[in-house]
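The block underneath contains the structure these notes are about, expressed in structure tokens.
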Amino acid sequence: MLGRHGNNLFWMARYLERSENIARQIQAALHHALSREDEGEEEWASIITSGGSRKIFDKKYDTLSTTNVINFLLRDRDNINSVASLMSKARQNGRSVRTSLTQEVWLSLNESWITCEAALKTPVNIHDLPVILDGIIKGSSLFRGALYGTMLHNDIFNFLRLGTFIERADNTIRIVETKYHRLLPTAKVIGGSEDQSQWEVMLRSLAAWRSFNWLKKGRLDPLGVADFLIFDEQMPRSINFCYKMVRYNLEDLSNFYGRDYKSLGMAREICLKLTNDRAKNIQIINLRDFITKHIAKNSQLSLTIATDFNLN
Amino acid sequence: MFDEMLCDHSHEGRKPYEKLVSWLGEQDLNKLMEKSVMAEDLFRHVGITFNVYGDKEAEERLIPFDLIPRILSADEWRILERGIIQRVAAINAFLNDIYNGQQIIKAGVIPADLIYKNKAFLPQMCGFTPPGSVYTHVVGVDIVRTGPNDFFVLEDNARVPSGVSYMLENRSTMQHMFPELFTSHQIKPISNYPKDLYNSLALCAQTKIDDPNIVVLTPGIYNSAYYEHSFLADEMGVELVQGSDLEICDGRVMIRTTTGTETVDVIYRRIDDDFLDPLSFDSKSLLGTPGLFDAYRNGNVILANAPGTGIADDKAIYSYIPEIIKFYMGEKALLNNIPTWRCAEAENLSYVLDHLHELVVKEVHGSGGYGMLVGPAASKRELAAFTKKLKANPGKYVAQPTLALSTVPILTKHGLAPRHVDLRPFVLVSPDTIKVTPGGLTRVALKKGSLVVNSSQGGGTKDTWVIGS
């Protein structure tokens, strides 16, 4: 496979995952905003902050109103991480590697892009929001389904999955980062229903609200949430789960190509560290430090994958 | 004006169209229009689009697809097929001669200046014969028709002809929309084209290697024909590469892969000569691969088509094709050329200037229908402006009579309406055989009365059937 194609596949998957994550975060914040009396400015602010685009936002908009934020996150072309920008880039990458995709995978991508372009052509108001967000998330699910159901599970598949899980790990880490102060053991003392709703937003934006309730019998304590989002081995968006998948896919590639890779060593190390950390009492982990290190490790891993496989 | 479907523009179908005309009679116009919208959706979702340079607003466009097929009988096709094979064989012999020996110039058949002063002539190719003496692995011969038995070659596309993906996609769209028509008609299949292309390219390399590594070389996703490049690579099961994926190592062409590099044996290149290799051709080009041409001349890679084939499809050379066929094949050309006035010659120029309002004038080195004057459709001001251009630079132009091109009906809101068409059959050349895929791409001018069929100028396409035995 061409190194450039590997790169296109990896980034196509990253962009798609990112746009799905943004849609989920908006969905959760919207749910939060609609369940209270003010506009829920703080939630909107935290989505923009966790996506790293606060500066661009402040340059263009005066207030963190719902309309400003959703338009910025969904359709602003000046925001390289808006859903519209990401979908265009994902499709561009997809077009570059059409020969590596089955017709069904390509169709799901192209159709999502067509739907997205049409839905985001004019400013979005809150009335259309649920349908648009559902559309984005469904498009992503369709893509995943086509991928699993029709593609050969070979190196092409592995590069796509690597992109997905590197991006997903990054997303979960950043969500935890923006809200880590609410996950600290001391947060419990502050308590109150207000903080509970914060944890709910966090879980909802990772599609994990129901599974958390199911596993933890609805006991919404901050350490339980932190443990779940970081260490849970079954939750497909926990940091632990994402790295397990990164490791799997790198092992696959290593077997497929018959070589050993530096990135595989890194992924193994991260997984081992997570297992060790989990064994400790979560109360003694310095959450702030833990998160900062993981953001750095994740981007280092992404770069190493690119070097190992000539992704250029 | 000759309509290919209906006898003298009546309601009665010509022979090859009899079944189709009676089928059409049973169809509800609204239902057909719905199918037309469905077909458009299909093209958009599959992403069968083309890019228009400098058109930011609509970066990718659809080529309008008309549902009414164009039909040729097996007898009509035999005439075309024989003529095309003869013509393409002569073109390859001509290229081999032009770059090795120049007998045709020595014999005084073609003026030396026309070759040596031609921009399409590549001196770098002199003294080199590509494997199997194949220069034009893929050719698209544009054909127009004026009557039941009157076919003319409009031009030969011997460089990087495009459009074959539309031929194939049009067919599969029609099969999807109207399966019943395919059971009632005996239509010659075309779906083997990608496999034929692969085999034809592999055959050229097989003097050296049994299982050659073939790639398609594209300028990238912003090229107008990118869809076609990816389609062909996909259908052939080969890599779709860009210049930046290639490097030359010890004189061999390599592609950069996820595990290192891999040798390439055949490059089906969909980029122009100028962009192949900045060392041998356009030094400013960023698209090419330095050293590619040396690897080619050393026999380490096959380029399809060979560089320098443009000298055979140049509009100035076009008018000599009957002589070229006579010279190399010892036969009279089976397919006619359109009479052509070379404006470089003084007496031709004065004739052209006097009859400008009834002629089509084309740039010798132009393509895509750009920079062309259609006399009968031009305003006085346009004619005057073109007269100036002609006088200033007569060598740049050739002129042809405006032919009464045949029509085939298209589907409109108000029912069927005749529109002018041309035909581009696709030809594959390997060392021992020349193969023409039955039918080809029919391009149709969608505007009433228009003679310009180019997709870049608002033309559409039709599925093209060769039926019967």
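Every number in this text was worked out from the coordinates using simple rules, so none of it is lab data. For clarity, every value in this text was computed on a predicted model and none was experimentally measured. Don't worry about glycine lacking a Cβ; one is built from the backbone with ideal geometry, like all the others, and counts go over all protein chains shown.
Adding -39500 (n - 2.57) for every DSSP H run of four residues or longer, then dividing by how many residues chain B holds, sets the calculated 222 nm ellipticity at -9500 deg cm²/dmol. Under a 5 Å amide H cut-off, with hydrogens placed 1.01 Å from N, B:GLU155 pairs with B:ASP142 among residues at least 5 apart or on other chains.
Remark: relative contact order (chain B) = 24 percent; criterion is Cα-Cα distance under 8 angstrom and separation of 6 or more residues. Measuring nothing but alpha carbons in the stretch B:219-310 and taking Rh as the Kirkwood radius, the Rg to Rh ratio lands at 0.94.
Mean per-residue shielding of peptide B:256-264 is 6, counting Cβ atoms of other chains within 10 Å of each Cβ. For the stretch B:32-183, what are the per-bin percents of Cα-Cα distances with bins 10 Å wide, up to the bin holding the maximum? Values per bin, smallest distances first: 8, 25, 28, 23, 12, 4, 0. Phi-derived couplings, Karplus 6.51 cos²θ - 1.76 cosθ + 1.60 at θ = phi - 60°, listed residue by residue for the stretch B:378-392: 8, 7, 4, 5, 4, 4, 5, 5, 6, 4, 4, 4, 4, 5, 5 Hz, with x used for Gly and Pro. The label-point distance for B:HIS11 and B:HIS45, in a model that sets each label 7 Å from Cα toward Cβ, rounds to 3.6 nm.
Per-residue extension of 0.36 nm, minus the Cα-Cα distance of B:LYS448 and B:THR207, leaves a gain of 81.6 nm for this segment. Using a/c under 1.5 as the rounded threshold, could you call the stretch A:1-151 rounded, prolate or oblate? The axes a ≥ b ≥ c are square roots of the C-alpha gyration tensor eigenvalues, and prolate needs a/b larger than b/c, oblate otherwise. Cα axes put the stretch A:1-151 in the prolate bin. The modelled label-to-label distance between B:MET1 and B:ASP282, using points 7 Å beyond Cα along the C-beta direction, is 3.8 nm.
Once the Cβ-Cβ distance of B:ALA385 and A:GLU269 is raised to the sixth power relative to R0 = 51 Å, the FRET efficiency obtained is 0.10. Computed per residue of chain A from DSSP H runs no shorter than four, each worth -39500 (n - 2.57), the mean residue ellipticity at 222 nm is -25000 deg cm²/dmol.
Note on B:228-240: average number of Cβ atoms from other chains within 10 Å of each residue's Cβ is 3. Among the GluC sites (Glu not before Pro) in the stretch A:223-312, those placed in a DSSP loop whose Cβ has at most 14 other Cβ atoms within 10 Å are A:GLU233.
Counting Cβ atoms of other protein chains within 10 Å of each Cβ in A:252-261 and taking the mean gives 1. Converting phi to 3J(HN,Hα) with the Karplus coefficients 6.51, -1.76 and 1.60 and the offset θ = phi - 60°, the stretch B:168-174 yields 6, 5, 4, 5, 5, 5, 5 Hz in sequence order, with x at every glycine or proline. Each Lys and Arg Cβ is given +1 and each Asp and Glu Cβ -1; about its Cα centre, the protein assembly as shown then shows a dipole of about 1000 debye.
With both labels modelled 7 Å from their Cα along Cα-to-Cβ, the A:LYS138 to A:LEU34 distance reads 1.6 nm.
Where a ≥ b ≥ c are the square roots of the eigenvalues of the C-alpha gyration tensor, would you call chain A rounded, which needs a/c under 1.5, or, failing that, prolate if a/b is larger than b/c, or oblate? Oblate is the answer for chain A, as a/c is 1.5 or above yet b/c matches or exceeds a/b. The orientation-averaged shadow of the Cα convex hull for the stretch A:1-66, equal to a quarter of the hull surface, comes to 5.4 nm². Annotation: extensible slack from B:ALA74 through B:ASP150 equals 25.8 nm (criterion: 0.36 nm per residue apart, minus Cα-Cα distance).
Between the amide H of B:ILE68 and those of B:LEU411, distances stay under 5 Å, these residues lying 5 or more places away or on another chain, with hydrogens modeled in the peptide plane. Taking chymotrypsin sites (Phe, Trp or Tyr not before Pro) across the stretch B:354-431, the ones in a DSSP loop with at most 16 further Cβ atoms lying within 10 angstrom of their Cβ are B:TYR370.
Sequentially through the stretch B:65-80, phi angles give Karplus couplings (6.51, -1.76, 1.60; θ = phi - 60°) of 10, 9, 6, 7, x, 9, 10, 10, 6, 4, 5, 4, 5, 4, 4, 5 Hz, Gly and Pro residues having no value and appearing as x.
Over the stretch B:339-402, Cα pairs under 8 Å with separation of 6+ residues give a relative contact order of 50 percent. A full extension of the chain between A:GLU233 and A:THR122 corresponds to an added length of 35.8 nm, given 0.36 nm per residue minus the alpha carbon distance. Over the Cα atoms of chain B, the radius of gyration divided by the Kirkwood radius equals 0.96; this is the Rg/Rh ratio. Taking the DSSP bridge list for the protein assembly as shown and keeping only pairs wholly inside it, about 75 percent are antiparallel.
Counting every alpha-carbon pair across the protein assembly as shown, the share separated by more than 41 Å comes to 44%. Between amide H atoms placed 1.01 Å from N, distances below 5 Å from B:LEU6 occur with B:ARG14, all of them 5 or more places distant or on a separate chain.
Annotation for the stretch A:30-122: GluC sites (Glu not before Pro) lying in DSSP loop with at most 11 further Cβ atoms inside 10 Å of their Cβ are A:GLU37. For B:LYS435, the lysines whose Cα comes closer than 20 Å to its Cα, not counting residues fewer than 8 places off in the same chain, are B:LYS188, B:LYS195.
Shape class for the stretch B:339-402: rounded, because the ratio a/c of the largest to smallest gyration tensor axis (alpha-carbon atoms, square roots of eigenvalues) is under 1.5.
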